[in-house]
1. Residue 74 - would you say it is in contact with a helix residue (DSSP H, G or I) (Cβ under 8 Å, 6 or more places away or on another chain), touching a residue at least 60 places away in the same chain (Cβ under 8 Å), under 27 Å from residue 239 (Cβ atoms) and basic (Lys, Arg)?
2. For residues that are in contact with a strand residue (DSSP E or B) (Cβ under 6 Å, 6 or more places away or on another chain) and in a loop (DSSP other than H, G, I, E, B), tally how many sit in region 300-311.
3. Within region 141-178, take every residue that is out of contact with any strand residue (DSSP E or B) (no Cβ under 7 Å at 6 or more places or on another chain) and among the β-branched types (Val, Ile, Thr) and give me the one that is nearest to residue 44 (Cα to Cα).
4. What is the number of the single condition among (1) buried (at least 17 other Cβ atoms within 10 Å of the Cβ); (2) under 16 Å from residue 122 (Cα atoms); (3) out of contact with any strand residue (DSSP E or B) (no Cβ under 7 Å at 6 or more places or on another chain) that residue 297 does not meet?
5. Could you check region 43-122 for helices (runs of 4 or more DSSP H) lying wholly inside it with 2 or more residues that are closer than 23 Å to residue 265 by Cβ and at pLDDT 95 or above?
6. State which residue pairs qualify: first residue under 26 Å from residue 64 (Cβ atoms) and inside region 98-114, second residue of a type in the set (Asp, Glu) and in a helix (DSSP H, G or I) in any location, beta carbons under 7 Å apart, and separation of 6 or more residues or different chains.
7. From the list 311, 277, which residue is of a type outside the set (A, V, I, L, M, F, W, C), over 30 Å from residue 141 (Cβ atoms), touching a helix residue (DSSP H, G or I) at 6+ places or on another chain (Cβ under 8 Å) and modelled with pLDDT under 95?
8. Does region 36-48 contain any residue that is in contact with a strand residue (DSSP E or B) (Cβ under 9 Å, 6 or more places away or on another chain) and over 20 Å from residue 238 (Cα atoms)?
Amino acid sequence: MTGDAPAGGDPRFALTDEEAALLPDDDDVAFYARHGWFLTKKLLADAEVDELLAASEGYYAGERSRTLPVRPPRLAAWQPSDGPVQRHNDYVHVESDPIARILRKPLIGAVAARLAQAAEIRVFQSTLILKPPVEGEPSNIVPWHFDKHYWSTSTSERMLTAFIPFHDCDEEMGTLTVVDGSHQWKETGREDSMTRHFADRDNDDLERVLAENAAYNGAEIRKVPLVIPKGHMSFHHCLTYHGSGANRSGRPRRAISFHLQDGGNEYRRFALSDGSPAAYNHDVLVRRLPDGRPDYADPAYCPVLWRADRP
């Protein structure tokens, strides 16, 4: 049985009645607004998750539907010669059609739109991740950070991330852990270094930043490991502190971090302390707006995932 398309009637974004029943309700939206994270119902069938896993294996083996025309300066692009470290590969929604087909399921965008209270959701970035089962591997520890630091050139503070594991994911596997309610904190200050990816930062320094910001807000640091069954996913706000620990399970932790932007997001110039502009990888890839700014609505890199007439 087929449900209605969203307001505006675009059939590309129609949900079945069964899918519509999986959307966050008003209490769920209020929970996300209060806590900065949300665990969904089962949005992907087991077969769809298995397709993601198979497509990721093909990707690691070198299969590409297309490649980026230029290499951005801070691209995460693991290759076999990098060895058994934690793998990060950006732009998999561009380079792999089998992965993109699952990620662009309208239901994922509809859930994001409900949580962000937005009428439109576009893809911002996708990162394929594999955390190897090596407990002592330093790259497996993801220190505390929030995503908006890396998206300084984006105007929106409603951006959010879906974490999509390819299997049951728990604390033993080094699941995503969020700092509850931290999206509501105010920062004590901001250094240029905050725009650098956590892989380029000192873990202890990021622990210090978290503690200082919690103290500044008079807040308790409440860390919540997210237990995510296969086919479910988590969403977290772009200002929510999060990280992850070692994979102690004996098998790889495989997932995609699917970064999403609301329809109002666009490029802004963000000056660093020396006056030079901050940059994001999109800036050398996407088309230009008439005023010369990078277009964060370029459908080749930031396709629309969900659209309705109103939030």
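The values are calculated or read from the model by the stated rules, or taken from the named source; none is laboratory data. Because the structure is a prediction, the values reported are computed rather than measured. Ideal geometry is used to build each Cβ from the backbone, glycine not excepted, and the neighbour counts take in all protein chains shown.
1. Yes.
2. The first filter runs over region 300-311 and keeps only residues in contact with a strand residue (DSSP E or B) (Cβ under 6 Å, 6 or more places away or on another chain), leaving 302-307.
Still in the list and also in a loop (DSSP other than H, G, I, E, B): 302-303.
Result for region 300-311: 2.
3. 141
4. Going through (1) buried (at least 17 other Cβ atoms within 10 Å of the Cβ); (2) under 16 Å from residue 122 (Cα atoms); (3) out of contact with any strand residue (DSSP E or B) (no Cβ under 7 Å at 6 or more places or on another chain) one by one, residue 297 breaks only (3).
5. On the way: elements: 46-60, 92-95, 97-103, 106-116.
In region 43-122, the matching helices (runs of 4 or more DSSP H) lie at 92-95, 97-103, 106-116.
6. From residues that are under 26 Å from residue 64 (Cβ atoms), the pairs are 98/51; 102/48; 102/51.
7. Just one listed residue meets the conditions, 311.
8. yes
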